[in-house]
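Computed from the coordinates by the stated procedures, all read-outs in this text should not be read as laboratory data. All of these numbers come straight from a predicted model, not from anything done at the bench. Methodologically, a virtual Cβ is constructed for each residue, glycine included, from the backbone with ideal geometry; neighbour enumeration extends over all protein chains shown.
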């Protein structure tokens with residue numbers, strides 16, 4: 001409560017007025033607005049930041065992000081075919097859209113891949129392909145199984161029909177091949193496909209003869 005003295009005789013008592021509610025500042029309003037918004041926070045993002053959990057590296061190309069395929073993402077896709085999920089990207093957590101086209105026929109492999117996930121929900125060398133321009137999941141790729149005893153890694157990949165012939169597959173597969181050949185246990189990368197030109201492209205990118 002604030003008290004103000006009237007102008008007049010010295011013995012005039014002070015007149016007290018109750019405080020008027022102060023108008024919220026712009027900073028206060030902005031803080032309040034942010035606090036009411038849902039935070040983009042993915043459980044898998046928190047897990048990966050733990051020092052006790054091996055980091056699963058996100059791969060990037062000029063136009064795509066290869067997002068590690070997590071158990072949380074696969075379970076969500078098995079529940080519904082159209083959803084948004086907060087994912088940890090190189091620029092920080094961002095909402096990504098996974099539409100009905102994703103991941104195509106590869107969805108039948110999710111129950112098997114869930115069985116391969118480690119105790120932290122990570123699946124090694126399996127990725128969802130994100131279009132960096134719009135945050136849309138446009139494909140999936142990864143190794144078809146463990147790397148063989150003689151160092152051969154066989155990869156599989158597929159893209160949504162809507163983004164074919166844009167070169168996104170070439171970029172994404174190139175990033176996966178680079179990741180594989182950087183590992184000392186990998187001596188050769190192979191891929192099978194019914195479309196010969198794509199096989200040739202993948203083989204040239206990896207510096208290996210197509211199978």
* Asked: Contour minus end-to-end for residue 170 and residue 144, with contour as 0.36 nm per residue of separation and end-to-end as the Cα-Cα distance?
  -> 7.6 nm
* Arranged by the count of other C-beta atoms within 10 angstrom, fewest first, what order do 127, 157 take? -> 157, 127
* Structure fact -> Here the gain from full extension of residue 107 to residue 84, 0.36 nm per residue of separation minus their alpha-carbon distance, amounts to 6.6 nm
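Starting from 0.36 nm per residue, how many nanometres of slack lie between residue 181 and residue 134 once their C-alpha separation is accounted for? Walk me through the intermediate numbers first.
Details: separation 47, 0.36 × 47 = 16.92 nm, distance 2.95 nm.
Extra length from residue 181 to residue 134 when fully extended: 14.0 nm.
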* Asked: So for the pair residue 76, residue 58, with labels modelled 7 Å out along Cα→Cβ, what separation do we get in nm?
  -> 1.2
